[in-house]
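Just below is one structure, and these are the notes that go with it.
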Amino acid sequence: MSRKPALLLIPGLVFILFGFAIPSAIMLLAPPSTDTADVFARFGAMLTDPYDLAIIWRTVRIGVIVTVACVVLGFPIAYLLARSTSRFAGMWLALAIFPLLLSNVVRTFGWLVILGSQGAFGQLLVVLGITDQPPQLLYTELAIVLGLIQLFLPLAVISCYSAVAQVDAGLDHAARGLGATKSQTLWKIVIPLSRPGILIAGTLVFAGATTAYTTPYLLGGSSQRMLSTQLFSYASVSVDWAAASATALMMTLLVFMVSGLSSLISRKAGVTS
Amino acid sequence: MTTAAEFTGVTQAYGDTVAVDNLNLQIEQGKLTTLLGPSGCGKTTTLRMLAGYITPSAGTITINGADATRLPPEKRNLGMVFQSYALFPHLTVADNVGFGLKLRKVPATKRRELVMANLDLVGLAHLADRKPKALSGGQQQRVALARAIAISPSLLLLDEPLSNLDARLRVQMRSEIRRIQGETGLTVVLVTHDQEEALEMSDTMVVMRAGKVMQTGAPATVFTAPANRFVADFLGYENFLTQSDGSLLTVRPEHLRVAAAGVVPTTPGLTVAAVVRESVYRGVDHIVTMTATDATGTPITLVSTTRRDTLTADAGFQPGDLVTAQARDHEIVRLTSEN
Amino acid sequence: MKGRPILGTLAVLGYIIMIVPILFVVSTAFTAGDALTFPPQGVSLRWFGEALAYQPFVGALLSSLQLAVVSTALALLLGVPVTLAIQRGKIPGKSLVEGLFLSPLVVPELVVGLALYQQIMIGLHQTSFVALLVGHTVLLLPYAVRVTGASLALADPAVEEAARGLGATPLRTFFSVTLPLLRPGIFSAGLLSFVTSFNNVPLSLLLQSRQFRTLPVTMLDYVQQSYDPMIAAMSTLILAGTVVIAIVAEKTLGFAKIFGGINK
Ligand SMILES: Nc1ncnc2c1ncn2[C@@H]1O[C@H](COP(=O)(O)OP(=O)(O)OP(=O)(O)O)[C@@H](O)[C@H]1O
Ligand SMILES: [Mg+2]
């Protein structure tokens, strides 16, 4: 087998080059009947246009909020499950991972039922007499944030779980034996040692949240555009290839910058520790 | 003698590392040959070239007189037992042993018979229907052996077959492998880094160092007449004394006796004045480490071990005692070359 | 959770956000009323009947299944040999090649979708099924390469050598030893691929046509126009199917094992 590895590689290589790498590069830099210069001009204009800037800023803001929330909520789940001796721990882990298999569309519909004008949350507020009129929660940034947290929390849980599970529980016991409190053990031992996994979790969530389409489309509507919904609108409504490419370029750069930053941090941490 | 396999000028290099260097070696038919040497000396590389998993950079390998240098492993009909055993995890013990027979299109009933016969040979017929995962390390090792033997190989190759077993089982398997070799009349090549294993099991032992053969011979010959300092050192000689004529003498620690300073030996031999550095009780024996100077004036360390039951009452030497270290003529080995 | 009030509270909040919206969808699917309201009015299965009788959903379901099966098969057919070459062959620039095959995971799906729309549908005048097949397969290749690669990396390479030594040709060794060793990895990769393709929105949205539209895209369209419990019923049916897949996954290989391969 090892004598002809190239033959095994060729079909896959041809496919990924012509079905992915080359078309993506062309789309980003030289879309049909458009000059590369136009794409860059449009890209530059995005950085000064207040409307575009608002979208970029919203995308980054939502990405950061969702990332922080997913790590803050996901790490405790991962930590408690990884250190649990309960026989139900496996079941709880499966419950946290299961949503990954479920359609984004189905998961996001839940928020329509909860946040919609006839939705559960609004009704609850009215019944409790807090407001007369159900508040407008749908098509707000809050709705997008909630939807994206739901979407990406399972991913954060898995990454953190494998990181914490790798930290020998014996270290926890050793630290406690030396007089550390539970929270000191967590902050001084477990979190520093599982930092690479937490970093991966953050990167995955950020990349997912800033490029997701379904959730901002369903929960943000046209008033709360993100780069993804804006890109789709350039591509299919106004068919403005230069603008679409510039937006796509912005989205791709954003993701690459954050993954680059995170691998830089983890490499630096690897050198010093 | 008939030669089962022969290496002629075989070299194997990985980039700058020469794993095997101009190797010339004959494997005798029906005998058990061991390749012995420290880690990284090229034993595995030699065995894998013989099995056909790697092609030599230079030289030729013949098997049963025919050139096999570039023959793929499946055409060599050799039985190999891997250090990791490499049992097929998805097949039962019986199917593992029958794998090679199936490829040789042996009919099912005959195959079953041969599988059971070979499992009987290693004493595992009762585990035929288990999966490898449900076996102990020692049992897996026997299955690997049965699988390799089942194809009636022209040579049986074993790469450190005993190193993953615990000490007791290891000793037991040594005689087990010898018994199987005797019963089947197979030509066996066994790789080990354990000199005791090599001495106990081999008809011929090949001592290697850094890709080169240092000495080949029967265990008794190699043990009593090591060809050079490396072989002697590897086989447990610990006292090396350079003579004034430049030649090198060596004595095993159990042959070096310690006596009070000035005691004259009754038999002809070697006498060296020394100072005791350390004297330690070790259960079966007692070990005395001494400092002395050889004929060239170089400081050397001498080691003597004495079995407890032969220890005399006044043998309790203390550090700092002046003593003489003595060896009889027939216990002294004269090395012909330094390396 | 005892003695960990802060961690426990955060974890409970996390589970609520992950799970409760799904429960709301399920509960509204069983309503007897006409509107997607909460609490539901009465209990009935009527909306399930309507969803299964609604031709666009049924047609889209079949399209989605067809696309998921074909693209999964294609991704495995292309990806498994790549895994073999990477894990067992001595190829130069191994990590570069592996990186290329994993890169569809980092490039935003909308970018891939738009690229294929321009190049394949407009440029080469291909049907939307062809474009979708290419797009989905590209998206699934990382799973095929990484998940099967993880299972192959765990296997002892000496096992394949042992087969050769016993007389098996390289081809025979592949089919009687390597492939059985890869089977759990291929199964995991296949399962993840199927689910990923079935659930995909961005590619399916950009590359749809009137003749070929997947179920998630059809549902998104539907909810823009009318907002009734039929969509909750269809969602609940998808949930039921997903639960079945999850149980199969758990019973055969174990959940954690299947997902373990993704993040490494
Ligand atoms: N695939 C390889 N690539 C590069 N160098 C190798 C390779 N295989 C072996 N070597 C080198 O060749 C030399 C001999 O290796 P070999 O495995 O034959 O030693 P060995 O005698 O079997 O050692 P051990 O007792 O540790 O198994 C070593 O220096 C090793 O580092
Ligand atoms: Mg070796």
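Please treat every number below as a calculation from the coordinates, not as lab data. What you are looking at is a predicted structure, and each value in this text was computed from that prediction instead of being measured. Neighbour counts are summed over all protein chains in view; Cβ atoms, including those assigned to glycine, are modelled from backbone coordinates with ideal geometry.
General remarks:
- Phi-based couplings in Hz for region A:87-94 (Karplus 6.51, -1.76, 1.60; Gly and Pro marked x): 6, 8, 4, x, 5, 5, 5, 4
- Residues whose placed amide H lies under 5 Å from that of B:Leu190, excluding near-sequence neighbours: B:Thr33, B:Thr34, B:Leu35, B:Leu158
- Between the C-alpha center of region B:1-33 and that of region C:66-145 there is a gap of 47 Å.
- Amide hydrogen neighbours beyond the local backbone of C:Ala32, cut-off 5 Å, H modeled: C:Gln41, C:Gly42, C:Val43, C:Ser44
- Our helix-only sum for chain A, with -39,500 (n - 2.57) per DSSP H run of n ≥ 4 divided by its residues, gives a mean residue ellipticity at 222 nm of -23000 deg cm²/dmol.
- Chain B: calculated mean residue ellipticity at 222 nm from DSSP helix runs of at least 4, using -39500 (n - 2.57): -7500 deg cm²/dmol
- Charge dipole (debye, nearest 20) of region A:36-272; +1 at Cβ of Lys and Arg, -1 at Cβ of Asp and Glu: 820
- Folded to 0 to 90 degrees: helix B:167-184 orientation relative to chain B principal axis, Cα: 60
- Remark: mean inter-chain Cβ contacts per residue of B:79-91 equal 5, using a 10 Å Cβ-Cβ cutoff to other protein chain atoms.
- Region C:7-53-region A:68-93 distance, computed between alpha-carbon centres (Å): 25
- The length gained on full extension between B:Leu71 and B:Asp120, counted as 0.36 nm times the residue separation minus their Cα-Cα distance, comes to 14.4 nm.
- Relative to the longest principal axis of the Cα atoms of chain B, helix B:137-150 runs at roughly 60 degrees.
- What the phi angles of region A:46-59 give under the Karplus curve with 6.51, -1.76 and 1.60, with θ = phi - 60°, is a coupling list of 4, 6, 10, 5, x, 5, 5, 4, 4, 5, 4, 4, 4, 4 Hz, glycine and proline written as x.
- Summed residue charge, Cβ within 15 Å of A:Leu115's Cβ, Lys/Arg positive, Asp/Glu negative: 0
- Helical mean residue ellipticity (222 nm; -39500 (n - 2.57) per DSSP H run of 4+; nearest 500) of chain C: -24000 deg cm²/dmol
- Nearest-0.05 FRET efficiency for B:Ser152 and C:Leu77, computed from C-beta distance (R0 30 Å): 0.15
- Kyte-Doolittle mean at least -0.5 and Cα axial length at least 18 Å: DSSP H helices in chain C: C:5-29, C:55-88, C:128-154, C:179-199, C:229-252
- Amide hydrogen proximity for B:Asn22: with H placed 1.01 Å from N in the peptide plane, the residues at 5 or more positions away or on another chain lying under 5 Å are B:Thr11, B:Gln12.
- Residues A:Phe18, C:Phe30, A:Phe88, B:Phe88, ranked from the fewest to the most other C-beta atoms within 10 Å, line up as A:Phe88, A:Phe18, C:Phe30, B:Phe88.
- In order through region A:21-31: 3J(HN,Hα) via Karplus (6.51 cos²θ - 1.76 cosθ + 1.60), integer Hz, x for Gly, Pro: 4, 5, x, 5, 5, 4, 4, 6, 10, 8, x
- The coefficient of translational diffusion for chain A, derived via Stokes-Einstein from the alpha carbon Kirkwood radius under 20 °C and 1.002 mPa s, stands at 99 µm²/s.
- Among A:Thr215, A:Thr85, A:Thr36: highest mean-square fluctuation, GNM of chain A, C-alpha pairs under 10 Å: A:Thr85
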